[in-house]
Each structure stands twice: as C-alpha cells, then as structure tokens.
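Read through the structure below, which is laid out as structure tokens, and then see the notes.
The values are calculated or read from the model by the stated rules, or taken from the named source; none is laboratory data. Predicted, not measured: the structure shown is a model, and the values here were computed from it. Quick reminder, even Gly has a Cβ in these numbers, built from the backbone with ideal geometry, and neighbours come from all protein chains shown.
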Amino acid sequence: MPSENSTGPTTAPLRTNCETFSLQLAGAVDGEELDPAAKSHFETCLRCQAELAQYKKLLRALASLRDQRLAVDDTLVNEILLALEPGGTVHRLQRLSSASRSRKAAYIGGIAAATAGAAGALVIASRLAARQRLAS
Amino acid sequence: MDSDRTNELVAAAKEGDHRAFEELVRQTYADTYTLAYRLVGDEEDARDVVQETYLRAHKGLKKFRGDAQLSTWLHRITANCANTFLGRRGRHRHDELSDDFELADDVPDRDPVFQADLGDLRSNLVAALTELPPKLRTVVVLRDIYDLSHDAIATELDISESAAKVRLHRARKRLRESLYPMGEEQAHAV
C-alpha cells in the first residue's frame, strides 16, 4: 500500500487509499472511531469528503423511513389475538395453510363442477336416445 | 402512544390482563408489521413473523423490565423472529422486497423543504434496499431506520458486534453506490 506521505499530484495512490478506507468511511458518518491513517486521509481527500456528504444524506433518508407505516388490514390483529388464545397454535397453523387450502378448495370445486356437468350431459343424451327409440 | 398509558398497559398485561395486552397489540401491530416486511420482504411471511413476535412477547412480557421502550423491545423480538425465519427460508428462495406496497406517513411533513428533497431519494432508497442481500438489508434496516444499537443487533442476529458493523458498512456502501452512481466521477472531477 502506498504511504500516506507519498508526494506528487498523482491520483493512483489516493485511489488506493480511498478504497482501503472506504468501509471505514461508511462508519465515520455516524461518528465511529477511526484509525489515525484513515482520519488523516479523510481530512485531505476531496473524494472521500464528497462521499461522506452522500453518506450523511443517505442516513437522513433512511431515518426518515422510520415514520412510515405500511398499510396492513386489521385482520392481522385478529390473527394475532387468535394465536394467543389457548389452542392458538391450531389457529396459527390453520392460517398458515389457508392459502393452500383455498387453492385446494378451488381445485376440488372445479372437479365437482366438471363432474356434474358431464353427468348432466349423459342424462340429457340418454333421454334424447330414449325419445328417439320411442319415436321410431 | 403515550408512554404513561403504555406503562399502565404493560403493567396490567404482566398481571394477566388480556385486554391490556390486546390494546398493546392494536397500538403496535402496524409498526411491527412494517419492520417485519422490511426484513423479510413478503406480505405473508411478514404476517407470520408478526404473529410469532407477539407470541414471544406475550410469553416474555414478565421479563420486560421497561429499561428500553416497548417499541424497541418489540423491534428486537421482531428482528430475532425474522432472522430465524430468513434462516429457515434461506436457500429455498430468492429474497426480494417488492416496492409496490402502500405507505402511510405517521408524522407528516415536519419540514417541507427537507421532505421535498427527500422525496426522490427516499423512493430510490426503498428500491435500493430491495436489491440488498437479506443479511446486509437486515442490519442497515435495524441500525439506520430503527436505531437499534450494534450490541442489540448482534445479539438478535446471533453474530458478533464487529460482524454486525462490517455488514452495516457494506450495506451503506452499496446503498450509496446505488443512489449516487456518478458520485465517483464527480468527486474526481473536483
């Protein structure tokens, strides 16, 4: 690693130091203690100072999310309270499987409807056949 | 919620008053759900985490001494439950937060200029959070949104404090790079 004391306006050593200390910079934003080499680098590096300003904005934006609440329907309260009742584990398991149960119900309902339809068609066909026999 | 009222409810719930606990649930469930969703990134999974959180809170309420706020205590339990949940879910499926959820601000514009500046950044931030791996997202959400201490985060996630800090720094770095993709070039141009 190049020395912090290296002279000259080249950007390569600075880049290396910036990368070396980049994770520390992410901690420096909320006052985490820095090792002396990192501290001295940040005091003189414009790039890192610009990044530090970005981190500060980032932290303010993150903190502002604290006031947000996601919209959630109040059935969740009932689910929580049911789960807390004696035997609540049963309620919980029922809820956990409710999605798959509703899919199963739809599937069984579909089969039942199809079976009923097919049976109806058979009855109609047999009646028509009987009428034709009687007519002939 | 008023802190005196909360303390009364907690005291009553500790004595076995179910209505008091129910009231606490009603006051806090939206906040708990929001955190759970931010951690696990799925509505149904978040609901399961919330249920588990209140089951554990109910069982452990007598141990709650009131040193911390009730909300902080609940956040820690939620973090622990979500961590267990994510661990179980682990390799079974890819974790992604969807950003199509509805939001409600509990504390509307305290400073309109600040809020306006934050508008775009905040929506981009929510999207950037979805891109983080769950291990990084969990730490940055708990520390930078919910203000949990490094120590608390390490305890609830069952990792060392230094590991929690490294994850936090990596998460912040990724978020910054995502939100300011031109930052590097601009800084070098100075």
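For the reader, a short list of remarks on this structure follows.
- Checklist (1) within 18 Å of B:ASP45 (Cβ to Cβ); (2) over 15 Å from the mean Cα position of the chain (by Cα) applied to B:ASP158, failing item: (1)
- Pick from region A:28-73, criterion over 27 Å from the mean Cα position of the chain (by Cα) and within 7 Å of another protein chain (Cβ to nearest Cβ), ranking: surrounded by the most Cβ atoms within 10 Å (Cβ to Cβ): A:GLU51
- Among the residues of region B:17-39, the ones that are more than 7 Å from every other protein chain (Cβ to nearest Cβ) and more than 14 Å from B:ILE77 (Cα to Cα) come to 9 in all.
- Any hit, region A:5-26, residues being at pLDDT below 90, loosely packed, with under 14 Cβ neighbours inside 10 Å, in contact with a helix residue (DSSP H, G or I) (Cβ under 7 Å, 6 or more places away or on another chain) and more than 8 Å from chain B (Cβ to nearest Cβ): yes
- Counting the residues of region B:142-166 that are under 23 Å from A:ALA53 (Cβ atoms) and more than 8 Å from chain A (Cβ to nearest Cβ) gives 1.
- When each of B:THR78, B:THR130 is tested for being farther than 28 Å from A:LEU82 by Cα, more than 9 Å from chain A (Cβ to nearest Cβ) and modelled with pLDDT of 85 or more, the lone residue that passes is B:THR130.
- Residue ID - surrounded by the most Cβ atoms within 10 Å (Cβ to Cβ), chosen from residues in region B:40-67 that are facing another protein chain (nearest Cβ under 9 Å) and aliphatic (A, V, I, L, M): B:VAL50
- Some residue of region B:5-14 being in contact with a Lys or Arg (Cβ under 7 Å, 6 or more places away or on another chain), part of a helix (DSSP H, G or I) and outside the structural domain of B:LEU157 (by TED's automatic domain parsing): yes
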